[in-house]
Amino acid sequence: MDPLHDPDDEALLDPRQARDLAGLVETARLASAVVRYGLRTEVGAATVVLNQDNPLPAANHACALWGTLAEVAGTLLQLEQVFAEAGRSEAVVFASPTTVAEIEGIADDAGWRAVEELVALLHRTRQDVRGWARPAEDRDLPGIVDLIADDAGLSDEGERRLLRNLGHRIDEPRSVLRVVDDQDADRIAGFAQGFVERGVGLVEQVVVRPGRRRRGIGGELVADVVDELRERGALLVAAHSEEGGTAERFAEACGFEVVYGVTAYARRIDDLL
Ligand SMILES: CC(C)(COP(=O)(O)OP(=O)(O)OC[C@H]1O[C@@H](n2cnc3c(N)ncnc32)[C@H](O)[C@@H]1OP(=O)(O)O)[C@@H](O)C(=O)NCCC(=O)NCCS
């Protein structure tokens, strides 16, 4: 039996391995979310990051809720307050193997909902790059924001914040921002970004213009970002995607394999604002 794998599900890492790996991946995710004016802090039994300049949930979340059931339940209550004070309309927790296994019941009792089932994936098989991608430049940023905003449904204010955040990332040595130009128009066809922190690389986002999909652009962007992350010292490269959908199939086609599950829990806090 492969000691790295869970005997109940050969496709997944065993629980201890998964917890160690998730700890590394989450440390890198938190470091990325902080760029440039975000804040990482401990709240009760959780680690939290809040970044005003980045409207996406990945930059405003809690993770690693580890402690007794009472501590974790108390932490969820504290988190509602912390996210409300930061002006967020929703508090978000990502529960991976670094979070107590009983989180489902505790979250349910505290009025939090499981809003997304995700998977973490590790890059295992290198794909060749064809040279279509190039580093993003300042002039590309509005086009990148449009692409992401359409995909994520951002407000005008969200778009302004994201533009500011991408402006910080373009000058950040741990960030990798790549675009592929549209052959038929003066605009970009796709964008991907990654981040590397202490040997751990992340492919954080890939978006291809709807009319340009299924032509290999997304795969090319990922292959290019992965190569660049390894060039900058990544010993492992991880990504997250929704479980079981297009994004997971795409990630697998890009050479990633599922290693553990992640559940996103959310709590609306408009009433506390
Ligand atoms: C996911 C996404 C980036 C893929 O971009 P793309 O340019 O179409 O990807 P590629 O053409 O390189 O596809 C590579 C492989 O991924 C798989 N794939 C991609 N889209 C797929 C789909 N809709 N259904 C099933 N498999 C799919 C296929 O195996 C494909 O190879 P094939 O076309 O030879 O069958 C694009 O659909 C997108 O922008 N989606 C919205 C944002 C998103 O979900 N991002 C990913 C998570 S961050």
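Among the residues of region 228-239, is there at least one that is near the ligand (Cβ under 8 Å from one of its atoms), buried (at least 21 other Cβ atoms within 10 Å of the Cβ) and closer than 24 Å to LEU141 by Cα? Yes.
Restricting attention to region 240-267, the residues that are within 8 Å of the ligand (Cβ to nearest atom), of a type in the set (Ser, Thr, Tyr) and in a strand (DSSP E or B) add up to 1. Scanning region 24-47 for residues that are in a helix (DSSP H, G or I), aliphatic (A, V, I, L, M) and in contact with a Leu (Cβ under 8 Å, 6 or more places away or on another chain) yields LEU24, VAL25, ALA28.
Table: residues versus (1) in contact with a strand residue (DSSP E or B) (Cβ under 8 Å, 6 or more places away or on another chain); (2) outside the structural domain of GLU80 (by TED's automatic domain parsing); (3) modelled with pLDDT under 95.
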| site | (1), (2), (3) |
| --- | --- |
| GLU104 | yes, no, no |
| ALA114 | yes, no, no |
| GLU137 | no, yes, no |
| ASP146 | no, yes, no |
| ASP151 | yes, yes, yes |
| ASP156 | no, yes, no |
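Close contacts from region 116-127, counting a first residue that is closer than 13 Å to ALA234 by Cβ and a second that is surrounded by fewer than 17 Cβ atoms within 10 Å (Cβ to Cβ), with Cβ to Cβ under 7 Å and a gap of 6+ residues or different chains, come to LEU122/GLU257. Residues in region 48-82 that are farther than 19 Å from ALA101 by Cα and in a loop (DSSP other than H, G, I, E, B): ASN51, GLN52, ASP53, ASN54, PRO55, LEU56, ASN60. Do we find that PRO210 is within 16 Å of the ligand (Cβ to nearest atom), modelled with pLDDT of 95 or more and farther than 17 Å from HIS123 by Cβ in this structure? Taking the combined requirement at face value, the residue satisfies it. The set of residues in region 11-36 being touching a strand residue (DSSP E or B) at 6+ places or on another chain (Cβ under 6 Å) and β-branched (Val, Ile, Thr) consists of VAL25, VAL34.
The values are calculated or read from the model by the stated rules, or taken from the named source; none is laboratory data. All figures in this text were calculated on a predicted structure; none of them were measured in a lab. Cβ coordinates were reconstructed from backbone atoms using ideal geometry, including for glycine residues, and neighbour counts include every protein chain displayed.
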